[in-house]
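Each reported figure results from applying straightforward, stated rules to the coordinates on display, with no laboratory input. The model shown is predicted, which means the values in this text are computed figures rather than measured ones. Note that each Cβ is placed from the backbone with ideal geometry, even for glycine, and that neighbours are counted across all protein chains shown.
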Amino acid sequence: TGSGYDAWLSYPKLPQGNLYKQYVKWCRAAVSVTEEQDTVQAALREWQRGITSMLDIESESGAEPAADGFTVAFGTFHGGNPLIEAIFDEAAIQAVGPEGFAVRTSLTHKCIAVGASSPAGVLYGVFHLLRLIGSQKEIERLDETVNPVNALRMINHWDNFDGSVERGYSGRSFLYENNRFTDDLDRITDYARLMSTAGINAIAINNVNVHALETLFISTYLPDVARIADVFRIYGIRLFLSVNFAGPMHEGEVGTADPLDAGVREWWKKKAAEIYAVVPDFGGFVVKADSENRPGPFTYGRDHADGANMLAEALEPFGGIVIWRCFVYNCKQDWRDRKTDRARAAYDHFKPLDGKFHDNVILQIKNGPMDFQVREPVSPLFGALEQTNQVIEFQIAQEYTGQQRHVCYLVPQWKEIMEFDTLAKGGAAPVKHIVDGSLWGNRFSGVAAVSNVGNDLNWTGHLLAQANLYGFGRLAWNPELSAEEIAAEWISLTFGTDAAVAGVISRILLDSWEIYESYTAPLGVGWMINPEHHYGPNVDGYEYSQWGTYHYADHQGIGVDRTVATGTGYSAQYMGSNAQRYDSLEECPDELLLFFHHVPYTHVLNSGKTVIQHIYDTHFAGAERADGLLAAWSGLKGSIAEGLYAQVEERLRGQAAHSKEWRDQINTYFYRKSGIEDSGARKIY
Ligand code: GCW
């Protein structure tokens, strides 16, 4: 305790009181579990761990019920547990989907029962009950059926075999070290516990940039992969691998990677068979092709459908899927070229291929058209693909949002994106209904995100970044949960149920994205960061590079003209009134103004301020509010475990200082460029 290692499974002791008595009454003595199945047994262990820690009582499986007869039971509906079979009738069972569960307090049977169709559902249900107890909810009248909204709830690791983590901000990999798989399966088990209790059911264990040795994960290293899959399986998680599109050429086995070449197709089919021989529930492949110098079908004059379908054919007999990323753009641009627009790229590449993909291919689309900036519009591909499976890709790793040194609770951002109405099918088509498959009736769909974990003792470097990891899983499970509810859950599971403590931490989390945005990138412009490592302010850091990442600031104005009349025409990739709104200088929302328009510094925003004054004001205010985060946290000293307190204090102190550097770099740059004074006459260096 105090390290943060247990995260949302730390099960803080609950205060004595009426609820405590209620919990003890039901949970003491026996728990009825009759199935030996691994996942059900894992659920039992979690249950015992949870109530022992929260309530200070032991509960044995199979022991006699308490003298007064109260008990808890869990299992699958047809798993042979008489209590489960007695409590759930056919109608209740019908309402539970493959991964869902029902939880019911039966006064007749004096039993709280968790029933599910599958062992994984039992695990989710048991954790649900633990969460209810951990957040001090009544359990005497439970009658709920809970099913995940999204079928695929996936984590993508960007871990490399050498132990480094691309865009990793919490130490090194806990999967690999020095080109070997880890022997520490205990940590992998704890990781799987964390992920499954957050609702995750799929994990790709290696970086989408597949280097030489990682190319061999589907051959030489398969036995190691299988060991990890064995651990994940217990927790209802399917393992995926990122693969190298040029894999067939790698060991000189085939002279090409052309997806239409018979030898190449055979090679992948053989690989698939070999994989499924040792990992029978293998999830499938994640593919980054023709993207940032990775190999792909373009080399052979083929398109992405040719590439993805070839892999899909190899996996189909085994029930595997291909997750094909849409992060495809020209990364060798010249900044003088104002026609090429990276924001357009995913849509331009993939919209014409709609309907051409096999039905076990899923396109994975980043939430925005650029790259996980603190503010971007929603990718216009959402809504545009009517006949293609798709998942949205978020980034839990805070590459552009403070790198887990600054607090930035991202759930509110993800919520906003999920709620965005694409206007597909003529309206009321929010992103959440596209990615859950309901709008177009897709075979596969869901939500994926780049992980933020590493081998730091607290997993995420910044303790508060655990809220993003937990929050992603919860939101993937149920996009209707609010950012506030998710924060409250995470806080009580991590710190306990003291209301004053919860109030402070919740405020910090909920304000943090806005604060980070205000002292970093103004009005949707993005990219004002140091090249390569992407940490810290550098207004022209990416201005003259080849990556397509420009703000075009000069002495007169700033912003990217993406309008139809005079710009790149990107705004027309949206549907209906969205296209008009973004295209219009007057109607474009302030926070995205510079994403869509190039304007003079004196342009007046909808807020009534000029662009330049907005830049000054938000940067002064943001840096001040960063001090406020530290001050708020300092008030918790003595009220939470010292170890947890201290590690966050250290980060918030760093953030407060670094926010001043952001403020000053940005304000000075624009003051010098524009020559316009701050109306508040504050200090600009
Ligand atoms: O944002 C960029 C990152 C790369 C990453 C790439 C991607 C894995 O800076 O590090 O590569 O996105 O998503 O493929």
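Please give me the summed charge of the neighbours of Arg507: other residues whose Cβ is under 12 Å from its Cβ, Lys and Arg +1, Asp and Glu -1. With Lys, Arg at +1 and Asp, Glu at -1, the neighbours total -2. Solvent-free Debye calculation, one equal scatterer per alpha-carbon of segment 344-413: log10 I(q)/I(0) at 0.23 Å⁻¹ equals -0.98.
Candidates Val648, Val243, Ile486 compared by Cα position along the dipole of the chain: farthest toward the positive end lies Val648, with charges placed on Cβ.
Computed from the C-beta positions of Tyr685 and Glu251 and an R0 of 60 Å, the FRET efficiency is 0.60 to the nearest 0.05. Using the Cα coordinates of the chain, the gyration tensor eigenvalues translate into equivalent-ellipsoid semi-axes of 42, 33, 23 Å, sorted from longest to shortest.
Where only DSSP H runs of four or more residues are counted, the chain gives -11500 deg cm²/dmol as its mean residue ellipticity at 222 nm, each run worth -39500 (n - 2.57). Packing-based ranking of 348-356, 464-472 yields 464-472, 348-356, ordered from highest to lowest mean Cβ neighbour count within 10 Å.
Between 0 and 90 degrees, the angle of helix 304-315 with respect to the longest Cα principal axis of the chain falls at about 20 degrees. Kirkwood hydrodynamic radius of segment 1-67, from the reciprocal of the average inverse Cα-Cα distance over all distinct pairs: 13.0 Å. Give Lys366/Lys425; Lys415/Lys609; Lys271/Lys425; Lys332/Lys673 a once-over and call out the pairs whose C-alpha atoms are over 30 Å from each other. Pairs exceeding the cut-off: Lys271/Lys425.
Placing +1 on each Lys and Arg Cβ and -1 on each Asp and Glu Cβ, with no other charges, gives segment 458-551 a dipole about its Cα centre of roughly 160 debye. Taking each residue as 0.36 nm, the span from Glu386 to Asn606 lengthens on full extension beyond its C-alpha to C-alpha distance by 75.7 nm.
Over all other residues within a Cβ to Cβ distance under 11 Å of Pro12, the charged ones net out to -1, with Lys and Arg as +1 and Asp and Glu as -1.
Taking label positions 7 Å along the Cα-Cβ direction at both Arg45 and Asn330, the computed distance is 5.4 nm, reported to one decimal.
Length available on full extension from Thr299 to Lys660: 0.36 nm per residue minus the Cα-Cα distance, which gives 125.3 nm.
Note on the chain: dipole from Cβ charges, positive end direction compared against Ser118, Thr668, Phe217; the farthest Cα belongs to Thr668. Both radii come from the Cα set of segment 6-162: Rg as radius of gyration, Rh as Kirkwood radius; their ratio Rg/Rh reads 0.99. Extending 7 Å from the Cα toward the beta-carbon at both Lys425 and Glu58 defines two label points whose distance is 5.6 nm. Rounded to the nearest 0.05, the FRET efficiency derived from the C-beta distance between Tyr552 and Ala621 at R0 = 25 Å is 0.45. For Lys270, go through the aspartates and glutamates and keep the ones whose alpha-carbon is under 14 Å away, minus same-chain ones fewer than eight residues off. Those aspartates and glutamates meeting the cut-off are Glu253, Glu313, Glu316. Applying both filters, DSSP loop and at most 14 other Cβ atoms within 10 Å, to the GluC sites (Glu not before Pro) of segment 251-356 gives Glu251, Glu253, Glu292.
Taking every alpha-carbon pair under 8 Å whose residues sit at least 6 apart, segment 490-602 reaches a relative contact order of 21 percent. One chain, two ends: Ala262 and Arg581. Fully extended at 0.36 nm per residue, the span grows by 110.0 nm beyond their Cα-Cα distance.
Name all residues of segment 494-520 having a backbone nitrogen under 15 Å from the label point set 7 Å from the Cα of Glu416 along its Cα→Cβ direction, giving them as ranges. 510-520, by backbone N distance to the label point.
Between the helical axis of 499-519 and the dominant principal axis of the chain, each derived from Cα atoms, what acute angle in degrees is found, rounded to the nearest 10? The angle comes out near 20 degrees.
The spread of Cα positions in segment 498-616, taken along each principal axis and listed from longest to shortest, comes to 56, 35, 28 Å. Packing-based ranking of 334-343, 231-240 yields 231-240, 334-343, ordered from highest to lowest mean Cβ neighbour count within 10 Å.
A straight Cα-to-Cα reach below 22 Å connects Lys13 with the lysines Lys21, Lys25, Lys137, Lys637, residues fewer than 8 places away in its own chain not being considered. Starting from the Cα of Glu650, move 7 Å in the Cα-to-Cβ direction to define the label point; list residues of segment 391-420 whose amide nitrogen is under 20 Å from there. Correct set: 398, 402-408. Rounded to the nearest 20 debye, the dipole magnitude of segment 488-642 is 120 debye, with +1 charges on Lys and Arg beta carbons, -1 on Asp and Glu beta carbons, and the Cα centre as origin. Using Cβ point charges alone (K and R +1, D and E -1), the dipole size of segment 233-381 about the Cα centre works out to roughly 500 debye.
Working ranking of peptides 375-384, 579-588 by packing, defined as the average number of other Cβ atoms within 10 Å per residue, highest first, is 375-384, 579-588. Simple rule: put +1 on each Lys or Arg Cβ and -1 on each Asp or Glu Cβ in the chain, find the dipole, and look at Phe298, Ala29, Gly75; the Cα lying farthest toward the positive end is Phe298. Our summary gives segment 530-685 a relative contact order of 21 percent, counting only alpha carbon pairs under 8 angstrom and 6 or more residues apart. Within a straight-line Cα-Cα reach of under 13 Å, Lys339 can be paired with the following aspartates and glutamates, leaving aside sequence neighbours fewer than 8 residues apart in one chain: Asp561. Would you work out the relative contact order for segment 78-167, in percent, from Cα pairs under 8 angstrom that are 6 or more residues apart? Relative contact order comes out at 27 percent.
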